[in-house]
Amino acid sequence: MTWIIRTGPRRAGSETAVTAEAGLDEVLRDLPTWAPDPVELADLELLLAGVYAPLPGFLGSFDTAMVIAGGRLADGTPWPVPVTLTVPAELTGAEKVVLQDPEGVPLGVLTVTESWREPTSGGHRLAGPVQALRAPAHGPFHRLRRRPDEVTFDGDGNVLAVATREPLHRKRLGQLRQVAEQLSARVLVLPLLGGRHDEALVRALLAVRRELPEGAQIVPVPLPVRDADGTVTAERDLLLRSHVAAAYGASHLLADGGAEGTAIPVVVPEPWGYDADVEVWRPVARIDPDHVQAELTAERLGELLDRGEPVPDWFTPPAVATELAVARPPKLSRGFTVFFTGLSGSGKSTVARGLTDALVERQGRNVTLLDGDVVRRMLSAGLTFSKADRELNIRRIGYVAAEVTRHGGVAVCAPIAPYAATRAEVRAMVEAVGDFLLVHVATPLEECERRDRKGLYAKARAGQIPEFTGISDPYETPDDAALTLDTTELSTDEAVDRVLTLLVEGGYITGD
């Protein structure tokens with residue numbers, strides 16, 4: 001067995017082989033392990049590849065505060081975004097931690113130089129340099145992903161990069177060719193992975209390779225959107241894109257707006273439009289104003305895809321349109337999740353079962369019912385009713401619902417799900433692959449107690465059931481529900497009809 005250790009971007013002759021006889025595998029076996037979240041995992045890959053140079057690893061508290069406040073490290077080096085690692089409390093005393101991918105493959109070792117807590121969330125974080133154990137092998141189109149030192153261009157001169165989360169439509173392709181010609185530049189396309197449809201994005205870019213300047217290279221880069229804490233503005237996102245492009249050898253970055261302090265110059269292309277008279281895209285300055293066709297906005301494009309209507313050829317090449325339709329299928333065939341939440345006895349299970357039957361009867365869709373009691377027996381047997389286990393139960397429901405949604409089915413879920421943060425986790429899982437609709441069954445506590453056939457509320461008030469939602473444990477009322485129902489005055493059929501109306505108005509089912 002041989003491990004390869006790299007302290008930065010790989011250069012010829014820089015590898016140091018450490019064999020099992022040297023004891024590294026035994027050391028690894030004794031170290032604690034941790035699988036970072038998707039953003040942190042992407043950061044780890046870019047740190048190990050040298051894309052984030054001069055950063056040697058994850059930032060400490062002072063550097064992080066300085067980056068958030070002023071876009072610079074504590075030593076004054078410009079850096080646009082915080083690169084941090086959140087861990088569970090039990091790891092805060094570790095001296096070294098093996099960082100691994102979701103499948104448990106060790107990717108690198110973090111040498112801890114600081115353990116600190118994020119002031120707002122209170123989350124535990126570790127800082128320190130990282131050393132590589134092996135190249136990551138996860139993610140779509142991994143064979144196309146390369147380190148900066150593996151990307152080379154023939155000859156000298158400018159390299160124009162476009163770092164994008166969207167396919168290149170005809171307008172952008174024309175602008176890219178124009179600017180590349182003006183700069184006498186080779187072209188580097190950097191699809192930024194970490195969105196909902198990474199595979200479709202890369203396929204769409206590969207589909208237009210022949211329309212790019214000769215010799216153009218396409219190199220996917222793991223760079224998820226990182227605005228959860230509100231610290232990464234559009235300007236800072238552009239700064240990060242410029243840094244990544246520069247690391248890959250680009251001399252210029254094509255973007256629709258500039259910012260101060262970019263790692264390389266940003267080129268903003270002149271406005272282009274579609275000349276309906278001669279049916280070509282070209283600079284607006286060369287088009288008769290009466291012949292400029294109105295843009296196809298992102299909202300309008302989404303509407304076309306939701307209805308299953310064709311995307312016009314003047315807007316994007318047919319191969320790209322095909323990938324758009326794969327990534328965003330029509331709503332009538334798209335997977336989605338209806339997630340009911342409410343107190344015990346609110347009627348959510350009854351309405352969920354009625355909705356499931358109605359969907360099967362009306363649409364013939366593949367529908368999976370994930371009811372709280374059934375899930376407890378079949379999916380979460382052995383879990384207690386502690387807060388931690390209840391949250392785990394909801395995450396399991398969310399994971400199954402996301403898989404059903406991913407494959408074009410309909411998941412109907414009916415747990416209590418009292419905590420807003422856990423519901424948000426489930427929403428994020430599902431929305432990564434389809435659509436999520438939250439239904440709050442807001443039947444008052446008094447009515448839920450009156451209906452209590454199992455005597456659970458009475459036992460909870462007597463102290464026989466600890467941490468019972470609504471009595472000794474809180475229910476966090478959702479503020480993001482697509483529909484709110486009170487079954488005190490509604491029959492089951494009336495409640496089901498209201499959910500069906502929501503789905504019809506949303507375009508998920510027909511009104512038949």
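Within the range 492-512, residues that are within 20 Å of D306 (Cα to Cα) sit with their Cβ atoms under 9 Å from residues that are among the aromatic types (F, W, Y) and assigned to a loop (DSSP other than H, G, I, E, B), at 6+ positions apart or across chains, in these pairs: L502/Y508.
Evaluation of L392 against the conditions (1) in contact (Cβ under 8 Å) with a residue 12 or more places away in the chain; (2) of a type in the set (A, V, I, L, M, F, W, C); (3) in contact with a strand residue (DSSP E or B) (Cβ under 9 Å, 6 or more places away or on another chain) shows that the sole unmet condition is (3).
Annotation: S349 fulfils all but one of (1) under 30 Å from L445 (Cβ atoms); (2) surrounded by fewer than 16 Cβ atoms within 10 Å (Cβ to Cβ); the unmet one is (2).
Restricting V98, V162 to those that are within 25 Å of the chain's Cα centre (by Cα), in a strand (DSSP E or B) and assigned by TED's automatic domain parsing to the domain that holds V266 reduces the list to V162. Restricting attention to the range 239-268, the residues that are small (G, A, S) and assigned to a loop (DSSP other than H, G, I, E, B) total 9.
Name the residue, out of A321, A298, A285, that is modelled with pLDDT of 95 or more and of a type in the set (G, A, S).
Details: A298 fails: modelled with pLDDT of 95 or more; A285 fails: modelled with pLDDT of 95 or more.
Sole residue among the options that is modelled with pLDDT of 95 or more and of a type in the set (G, A, S): A321.
Within the range 83-95, the set of residues being in contact with an Asp or Glu (Cβ under 8 Å, 6 or more places away or on another chain) and assigned to a loop (DSSP other than H, G, I, E, B) comprises V83, T84.
Output the number of residues of the range 233-289 satisfying the condition of being hydroxyl-bearing (S, T, Y), more than 30 Å from D313 (Cα to Cα) and crowded, with 21+ Cβ neighbours inside 10 Å. Even if it seems obvious, please write down each step before you answer.
So the first thing to find is which residues in the range 233-289 are hydroxyl-bearing (S, T, Y), and the list is 233, 242, 248, 251, 262, 274.
Pick out the ones that are also more than 30 Å from D313 (Cα to Cα) and you get 233, 242, 248, 251, 262.
Applying the additional criterion that residues be crowded, with 21+ Cβ neighbours inside 10 Å yields 242, 248, 262.
Final tally of qualifying residues: 3.
The residues listed here are E150, E211, E199, E181; of these, the one that is touching a Leu at 6+ places or on another chain (Cβ under 9 Å) and of a type outside the set (V, I, T) is E211. When the range 108-162 is filtered for residues that are surrounded by fewer than 15 Cβ atoms within 10 Å (Cβ to Cβ) and on the phi > 0 side of the Ramachandran plot, the ones remaining, listed by number, are G122, G155, G157. For A245, indicate whether it is among the small types (G, A, S), more than 17 Å from L144 (Cβ to Cβ) and either assigned by TED's automatic domain parsing to the domain that holds R147 or in contact (Cβ under 8 Å) with a residue 12 or more places away in the chain (or both). The answer is no for A245.
Of all the criteria given as (1) in contact with a Pro (Cβ under 7 Å, 6 or more places away or on another chain); (2) among the acidic types (D, E); (3) loosely packed, with under 14 Cβ neighbours inside 10 Å, the one not satisfied by E199 is (3).
Kindly indicate whether any position in the range 253-266 is acidic (D, E), modelled with pLDDT under 95 and under 24 Å from the mean Cα position of the chain (by Cα). The answer is yes, given that some residue of the range 253-266 is acidic (D, E), modelled with pLDDT under 95 and under 24 Å from the mean Cα position of the chain (by Cα).
Only one residue in P213, P224 is in contact with a helix residue (DSSP H, G or I) (Cβ under 7 Å, 6 or more places away or on another chain), in a loop (DSSP other than H, G, I, E, B) and within 24 Å of D154 (Cβ to Cβ). Which one?
Working: P224 fails: within 24 Å of D154 (Cβ to Cβ).
The match here is P213.
The values are calculated or read from the model by the stated rules, or taken from the named source; none is laboratory data. From a predicted model like this one, the values you see are computed outputs, not experimental measurements. When we count neighbours, we look across all protein chains shown, and the Cβ atoms used for this are built from the backbone with ideal geometry, even at glycine.
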